[in-house]
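S.K.: Please see the structure below; I have some questions.
The values are calculated or read from the model by the stated rules, or taken from the named source; none is laboratory data. Keep in mind that what you see is a predicted model, and the values were worked out from it rather than measured. Because the Cβ atoms are built from the backbone with ideal geometry, glycine has one as well, and the counts that use them run over all protein chains shown.
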Amino acid sequence: MDRIRVLFVDDHPIVRQGLVSLMSGEKDILVVGEASDGDEAIRLARECDPAIIIMDIAMPNRNGLFATRAILKENPKRKVIVLSMSDEPDVVKQAIQVGISGYLVKQSVASELLSAIREVHKGNAFFSPSVSKVLLQLQLPTGAQDQDLTLREREVLQLVTQGRSNKEISTYLEISVKTVEKYRQQIMDKLNIHEVAGLTRFAIAKGISKLQQPS
């Protein structure tokens with residue numbers, strides 16, 4: 001069985017020790033590295049080849065959002081799950097904008113972390129309940145309706161909100177990259193949403209992109 005390779009990033013040694021110990025007890029998860037700031041996270045993401053990165057936001061030097069943006073720009077296939085003390089809308093929105101796949105609040109991370117890793121590894125999104133509530137409450141553009149989208153456009157939208165690149169979508173759906181680009185533009189024009197964060201909120205709110213929560 002292939003284990004899920006995880007890089008854990010947090011500047012608090014006690015937090016790292018506790019959560020790394022939790023993950024290390026699971027047969028399907030392998031912790032391949034630990035980092036204490038954004039710069040180290042970027043370096044270890046290159047060296048350790050993680051599938052999933054657990055990323056604290058507030059850290060010295062380069063923060064978690066900067067590191068996430070840099071890591072995903074270099075390799076969009078990686079998945080990032082953010083850790084934060086805050087579920088404030090502005091913080092959540094900024095995290096979504098850099099392309100995260102999950103967001104956990106630290107108050108409940110111990111009970112949610114393993115489920116989050118497994119669901120994100122499957123290609124789903126995972127948010128702590130308080131964060132998913134924020135996402136659903138963020139205002140959607142007036143007039144945006146999922147009924148306006150064709151079945152193919154809904155498929156493309158779901159893959160876009162999972163962080164797939166145009167090339168990955170073209171391979172998955174067996175269509176050309178140029179056709180994917182055309183569908184993306186049509187989706188944005190129909191919904192009047194022109195950035196991925198807004199598309200993600202719309203897809204979650206309309207049930208197009210599966211939102212995972214702890215049972």
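S.K.: Give me the residue from the range 1-21 that is assigned to a loop (DSSP other than H, G, I, E, B) and in contact with a strand residue (DSSP E or B) (Cβ under 6 Å, 6 or more places away or on another chain) and, out of that set, nearest to Arg69 (Cα to Cα).
M.R.: That would be Asp10.
S.K.: Tell me, yes or no, whether the range 112-135 has at least one residue that is within 15 Å of the chain's Cα centre (by Cα), under 17 Å from Ile4 (Cβ atoms) and among the hydroxyl-bearing types (Ser, Thr, Tyr).
M.R.: Looking for residues that are within 15 Å of the chain's Cα centre (by Cα), under 17 Å from Ile4 (Cβ atoms) and among the hydroxyl-bearing types (Ser, Thr, Tyr), one finds at least one in the range 112-135, hence yes.
S.K.: Could I ask something else about it? Taking Arg164, is it in the same structural domain as Gly198 (by TED's automatic domain parsing), assigned to a loop (DSSP other than H, G, I, E, B) and of a type outside the set (A, V, I, L, M)? Outline the logic, then answer.
M.R.: Details: in the same structural domain as Gly198 (by TED's automatic domain parsing): yes; assigned to a loop (DSSP other than H, G, I, E, B): yes; of a type outside the set (A, V, I, L, M): yes.
Yes; evaluated as a whole, the condition is true for this residue.
S.K.: Within the range 154-162, does at least one residue satisfy the condition of being modelled with pLDDT of 85 or more and loosely packed, with under 13 Cβ neighbours inside 10 Å?
M.R.: no
S.K.: Shifting gears a bit: Kindly indicate which of Ser130, Ser111 is free of Cβ contacts under 8 Å to residues at least 60 places away in the same chain, over 20 Å from Asp11 (Cβ atoms), of a type in the set (Ser, Thr, Tyr) and part of a helix (DSSP H, G or I). Talk me through it step by step, then tell me what you get.
M.R.: On the way: Ser111 fails: free of Cβ contacts under 8 Å to residues at least 60 places away in the same chain.
Ser130 is the lone residue from the list that is free of Cβ contacts under 8 Å to residues at least 60 places away in the same chain, over 20 Å from Asp11 (Cβ atoms), of a type in the set (Ser, Thr, Tyr) and part of a helix (DSSP H, G or I).
S.K.: Please count how many residues of the range 67-86 are crowded, with 24+ Cβ neighbours inside 10 Å and among the acidic types (Asp, Glu).
M.R.: Counting residues in the range 67-86 that are crowded, with 24+ Cβ neighbours inside 10 Å and among the acidic types (Asp, Glu) gives 0.
S.K.: Got a sec? Which helices (runs of 4 or more DSSP H) wholly within the range 22-99 have at least 1 residues that are under 19 Å from Ala125 (Cβ atoms) and touching a residue at least 60 places away in the same chain (Cβ under 8 Å)? First the steps, then the outcome.
M.R.: Details: elements: 38-48, 64-74, 89-97.
Here the list reads 64-74, 89-97.
S.K.: Looking at the structure I just gave you, is Val20 of a type in the set (Val, Ile, Thr) and in contact with a Cys (Cβ under 8 Å, 6 or more places away or on another chain)?
M.R.: No, not satisfied.
S.K.: Here's something else I'd like to know. Can you name the number of the only condition in (1) within 14 Å of Ile53 (Cβ to Cβ); (2) touching a Ser or Thr at 6+ places or on another chain (Cβ under 9 Å) that Val105 fails?
M.R.: Every listed condition holds for Val105 apart from (1).
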